[in-house]
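Each value in this text was obtained by applying a stated rule to the coordinates, not by laboratory testing. Every value quoted in this text rests on a predicted model; they were computed, and no experiment measured them. Using ideal geometry, Cβ is built from the backbone for each residue, glycine included, and neighbour counts are taken over all protein chains shown.
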Amino acid sequence: NAGVTQTPKFQVLKTGQSMTLQCAQDMNHEYMSWYRQDPGMGLRLIHYSVGAGITDQGEVPNGYNVSRSTTEDFPLRLLSAAPSQTSVYFCASSYSSGFRNEQFFGPGTRLTVL
Amino acid sequence: ILNVEQSPQSLHVQEGDSTNFTCSFPSSNFYALHWYRWETAKSPEALFVMTLNGDEKKKGRISATLNTKEGYSYLYIKGSQPEDSATYLCASYSSYKLIFGSGTRLLVRP
């Protein structure tokens, strides 16, 4: 199993550009989520999905869209990039949305918005 | 949104020292407390998932305790080694979301 994969590893955008961060998992996990990591702030939840076709907002959803058309994929779209979105983005998945389930994290995407 | 806090923010210890750090979380509507270990240039990896008051979990030299009534969990590392250097994150589960603290960064000097 590849686990949770993310592409690209690094990306530089100009303010106002849009792009999609890709996330895929091959563990047949129901639950997937996106976090951003900023210095001194730990991991903050952007959006999550409890299953295909179902998404919801996390702590910091503004400026981001998600969709979950398949169990495997959970892309994160930046609609109009801003310098405040410079961050490291982690995708994670778990077997289900149950509270006992540990999350498995992807390798991260480092995004810089100029 | 929950407020999960960790202390200290960072910790430097000598190889062989034992150490511990704290995670505090709201005690109402508690479901689970997760601990993750995050090495530099890698992804966070789960250490423990704890659900019951009084839970104690152990993995090698690392152990954790949980007090849901007062809303705190301790992570202990016995006889720290340089390879224990990492950021340790705790997260509390609420309404399908894991809310993370900002982490404790541990550096173990040889």
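For the reader, a short list of remarks on this structure follows.
- Assuming charge only on the beta carbon of Lys and Arg (+1) and of Asp and Glu (-1), the dipole of the stretch A:2-101 about its Cα centre is about 260 debye to the nearest 20.
- Other residues whose C-beta falls under 10 angstrom from the C-beta of A:Ser67 contribute a net charge of +1, scoring Lys and Arg +1 and Asp and Glu -1.
- When the C-alpha to C-alpha distance is required to be over 20 Å, the pairs from A:Lys14/B:Lys42; B:Lys59/B:Lys97; B:Lys57/B:Lys78 that qualify are A:Lys14/B:Lys42; B:Lys59/B:Lys97.
- 10 Å Cβ neighbours from other chains, averaged over peptide B:44-52: 3
- Additional length obtainable on full extension of the chain from B:Thr22 to B:Lys59, 0.36 nm per residue less Cα span: 11.6 nm
- Peptide A:52-65 - average C-beta neighbours from other chains (10 Å radius): 1
- Projected label points at B:Tyr31 and B:Leu107, each 7 Å from Cα along the beta carbon direction, are separated by 3.7 nanometres.
- Taken as Cα centroids, the stretch A:16-74 and the stretch B:55-92 sit 27 Å apart, rounded to the nearest whole angstrom.
- Working ranking of peptides A:93-101, B:54-62 by packing, defined as the average number of other Cβ atoms within 10 Å per residue, highest first, is A:93-101, B:54-62.
- Charge dipole magnitude, Cβ of K and R +1, D and E -1 - the protein assembly as shown, Cα centre, debye nearest 20: 280 debye
- Inter-chain shielding of A:94-106 (mean C-beta neighbours from other protein chains, 10 Å cut-off): 5
- Using the Cβ of A:Gln85 as centre and a radius below 14 Å, the other residues enclosed give a net charge of +4, where K and R count +1 and D and E count -1.
- Within a Gaussian network of chain A (alpha carbon springs, distance under 10 Å), most fluctuating of A:Gln17, A:Gln57, A:Gln85: A:Gln17
- Summing Cβ point charges (Lys, Arg +1; Asp, Glu -1) relative to the Cα centre of chain B gives a dipole of roughly 120 debye.
- Residues of the stretch A:67-107 with an amide N closer than 11 Å to a point placed 7 Å from the Cα of B:Glu45 along the Cα-to-Cβ direction: none.
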